[in-house]
Amino acid sequence: MSEAKPSAVGGTKSHRIYLLLKDAILSGRLPAGSKLAGENKLAEQHGVSRVTVRRAMEALQSTGLIERKAGVGTVVLEQPLDATVMTASVSNLMPNMVKMSQASQVRLLEFAYVLPPEMIREQLGMAQGGKVQRSVRVRMVDDKPFSHLVTHVPESIALHYNEMDLANTPLFVLLERSGVKVDHASQSISATLASHEVAEALDVAVGSPLISLTRVVFDEQGRGVEHLDALYRPDRYRFQIDLERNGDDHSRYWEPKVAGMPTSGKAE
């Protein structure tokens, strides 16, 4: 399925309506065969003109998400199962990271030694003036990009590998080869919008919603060894959390289910 670019959708308001309806269709909230409300109703619901809605509908039709039938209305089309969608289980993280690295390819966009931003320097616990190796990579499946990765690694560690190594080997493997004993990490997940640079790399429209993940990895001495800022296309990547019920009859609660983790071969 081709991606609709801003020029295909029109102005900012029509692009917003397009993204909202696209997300509802791809997430299953608007299943195949269901009918969309008419242009007048949608315009009223979103507080825009009928022309704005029509532009969004034309973009949805051009990307194969809907079909507009005379006398019937606008119908959501069946979407083919996309083999490029990657799923990362938070409860079983490391095996899924191994699977991801084996099933995807990497395009290295940047590789340089720089002074890190103050926030990253502090999170890695580095001294003032220390340099990091900064890289920008895009992960793909079948030549379709799904993640944009920016990593910062302290120079003393990164000197053990080169640009060619990073383009062909998962970073966690390179860290281990450098003698790093990875112990734990701090990770947060949120959402953001695609900037012009990221949108071009991930082949989406500027302002498209993305999954945002930040991870700081530490060794056995508690020293920061990697800072990762990752952005994922939500139509090609998702997180899954397996839960189990715990507690007694009066205080039952859900808790993440954690499976066994391998000790090597990890990749972001």
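The values are calculated or read from the model by the stated rules, or taken from the named source; none is laboratory data. Just so we're clear, the structure is a prediction, and the values are computed from it rather than from any experiment. All Cβ positions, glycine included, derive from the backbone under ideal geometry; neighbour counts span all protein chains shown.
Could you please find all residues in the stretch 24-33 being touching a strand residue (DSSP E or B) at 6+ places or on another chain (Cβ under 6 Å) and in a helix (DSSP H, G or I)?
The answer is I25, and nothing else.
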### Query
So which residues in the stretch 194-213 are outside any loop (DSSP other than H, G, I, E, B) and either touching a Leu at 6+ places or on another chain (Cβ under 7 Å) or crowded, with 17+ Cβ neighbours inside 10 Å (or both)?
V198, A199, A201, L202, P209, L210, I211, S212, L213
### Query
Filter the stretch 105-121 for residues that are more than 14 Å from E226 (Cα to Cα) and charged (D, E, K, R); which is surrounded by the most Cβ atoms within 10 Å (Cβ to Cβ)?
R107
### Answer residue from the stretch 34-72, given it is modelled with pLDDT under 90 and assigned to a strand (DSSP E or B) and is surrounded by the fewest Cβ atoms within 10 Å (Cβ to Cβ) among those
K69
### Task
Consider only pairs whose beta carbons are under 7 Å apart and that are at least six residues apart or on different chains; among these, list those whose first residue lies in the stretch 18-45 and is touching a residue at least 40 places away in the same chain (Cβ under 8 Å) and whose second residue is loosely packed, with under 12 Cβ neighbours inside 10 Å and charged (D, E, K, R).
A32/E78
## Note on the structure
Note on D235: of the conditions (1) outside any strand (DSSP E or B); (2) in contact (Cβ under 8 Å) with a residue 12 or more places away in the chain; (3) over 14 Å from the mean Cα position of the chain (by Cα), unmet is (3)
### Query
Which condition breaks for A205 when tested against (1) free of Cβ contacts under 8 Å to residues at least 40 places away in the same chain; (2) over 30 Å from E155 (Cβ atoms); (3) of a type in the set (A, V, I, L, M)?
(1)
